[in-house]
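In what follows, a single structure is set out as structure tokens and then discussed.
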Amino acid sequence: MSILVDEQTRLLVQGITGQQGTLHTRLMLEYGTNIVAGVTPGRGGQRVCDVPVFDTVAEACERTRPNVSIIFVPAMTTRDAAFEAITARLPLITIITEHVPIHDMLRIRAHAARHGVRLIGPNGIGAISPGKTKVGIMPGMLYGQGSVGIVSRSGTLTHETASLLRDRGFGNSTCVGIGGDPIHGIGFVDALDLFASDPDTALVVILGEIGGGDEEQAAAYLSARKYPKPVLAYVAGRLAPPEKRMGHAGAIVRQGTGTAQAKMAALRHAGVHVASSLKELTHEIAARL
């Protein structure tokens, strides 16, 4: 098994005819992802990488029965694209787009919650279950199949951690990039809950960064229960200056809150081994598997 995406994933690509949509459709197909349809309004009847294109999500769902959507549309049209997929009751939607307005994401998240739809992103890499499927923009060759689950705010940290594990002969069950924006869908707690019941995941890694309170929420979740698997973490940004955004929209320390030190302390208090480097992190993972 894995979480969120697997061999049963039937993927719909929204914005498939755009530059990024076409590029990543080709790369996901090369990885082995089952892409059943694409959507671009006004482009129905075309084919991209031999994938049929439809004008609407409703038509694509009726004709091809996707169960996951990935969105590659511009930020200002992301809300419309997400609402269309949510209204079609697709169980999982992955938003890759960066710079989605915060008010739009608040509406998207609320609409998804009302319809029981899970969201990944925005401004993230998506999700991959190595050897099974890739729904995102990560380089698939860096990810080996194994038993380490990763949930991360940073795509780069995810790539590097997965690559270091693969080089040591280990791999991943599923890696989920929750995205670097302050308002997002699935968070650390959601992923931890899913990994807890996944028989193919033996150990879970949290890759955090400065800003927001997601890591502290994960610590509170772990403190309140006996989690069935080891949890390790790495938090980036220990030397980040306050009030300066560091890469992601959500990666900023404001008025002393959201520091890497506070996040590390909360996770350690919850019994999580917090590594000081990715090299130490992968060494500790190897020692526990």
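The values are calculated or read from the model by the stated rules, or taken from the named source; none is laboratory data. Here the structure is a predicted model, which is why all the values come from computation and not from measurement. Positions of Cβ are backbone-derived with ideal geometry, glycine not excepted, and every protein chain shown enters the neighbour counts. Note: areas computed on protein heavy atoms with side chains; ligands, DNA, RNA excluded. Shrake-Rupley method; radii C 1.70, N 1.55, O 1.52, S 1.80 Å.
Picking from 234, 223, 170, whose Cα lies most toward the positive end of the charge dipole for the chain (charges on Cβ: Lys, Arg +1; Asp, Glu -1)?
223
Need the full-extension length gain, residue 229 to residue 189, defined as separation in residues times 0.36 nm minus the C-alpha distance. One decimal, nm.
Additional length available on full extension: 13.0 nm.
Could you give the size of the charge dipole of segment 105-244 about its Cα centre, using +1 on the Cβ of each K and R and -1 on the Cβ of each D and E, expressed in debye and rounded to the nearest 20?
With Lys and Arg at +1 and Asp and Glu at -1, about 260 debye.
To the nearest 0.05, what FRET efficiency results for residue 62 and residue 99 with a Förster distance of 30 Å applied to their C-beta separation?
With R0 = 30 Å, the Cβ-Cβ based efficiency is 0.40.
Place a label point 7 angstrom from the Cα of residue 141 along the Cα-to-Cβ direction, then list the residues of segment 166-196 whose backbone nitrogen is under 16 Å away.
It comes to 166-167, nothing else.
If one puts a single equal scatterer on every Cα of segment 48-188 and applies the Debye formula without solvent, what log₁₀ I(q)/I(0) results at q = 0.21, 0.22 Å⁻¹?
-1.22, -1.28
Give me the three principal axis extents of segment 168-215 from the C-alpha atoms, as integers in angstrom, largest value leading.
That works out to 33, 25, 13 Å along the principal axes.
Using the per-residue mean of other Cβ atoms lying within 10 Å as a proxy for protection, in what order, highest first, do the peptides 119-126, 36-43, 91-98 fall?
Ranked by mean Cβ neighbours within 10 Å, highest first: 119-126, 91-98, 36-43.
For segment 134-234, state what percent of all Cα-Cα pairs lands in each successive 10 Å bin, counting from 0 Å until the bin that includes the largest distance.
16, 52, 30, 3
Quick one: give the max-minus-min coordinate of the C-alpha atoms of segment 48-107 along each principal axis, largest first, in Å.
33, 24, 17
List the residues whose amide H sits under 5 Å from the amide H of residue 48, counting only those 5 or more places along or on another chain, with H placed 1.01 Å from N in the peptide plane.
53
Leaving out ligands and nucleic acids, and using a 1.4 Å probe, what accessible area per residue does the chain come to in Å²? The partial results should precede the final answer.
Details: 12220 Å² over 289 residues.
The answer is 42 Å² per residue.
Work out the count of Lys pairs in the chain where the Cα-Cα distance is under 28 Å, with the pair 8 or more places apart or on different chains.
11
For segment 59-74, take each phi angle, set θ = phi - 60°, evaluate the Karplus expression 6.51 cos²θ - 1.76 cosθ + 1.60, and give the result in whole Hz per residue in order, putting x for glycine and proline.
With the stated coefficients, segment 59-74 comes to 5, 4, 5, 5, 8, 10, 6, x, 10, 9, 10, 10, 10, 10, 10, x Hz.
Go ahead and run the numbers for FRET between residue 20 and residue 115, Cβ-Cβ distance against an R0 of 25 Å, rounding to 0.05.
Details: r = 26 Å, r/R0 = 1.05.
That pair, residue 20 with residue 115, gives E of 0.45.
According to the Kirkwood expression over distinct Cα-Cα pairs, how big is the hydrodynamic radius of segment 184-241, in Å?
Its Kirkwood hydrodynamic radius stands at 12.3 Å.
Looking at segment 58-104, which trypsin sites (Lys or Arg not before Pro) are DSSP coil and have at most 16 other C-beta atoms within 10 Å of their C-beta?
Numbers: sites: 63, 79, 89; in loops: 89.
Sites meeting the loop and neighbour criteria: 89.
What's the carbon and sulfur percent of the chain's accessible surface, probe 1.4 angstrom, rounded to a whole number? Mind showing how you got there, number by number?
Values: 6250 of 12220 Å².
Using a 1.4 Å probe with all protein chains present, the chain comes out at 51 percent carbon and sulfur.
Give me log10 I(q)/I(0) at q = 0.26, 0.30, 0.31 Å⁻¹ for segment 126-182, Debye formula, one equal scatterer per alpha-carbon, no solvent.
-1.01, -1.34, -1.42
If you take all C-alpha pairs in segment 1-41, what percent of them are over 12 Å apart?
58 percent
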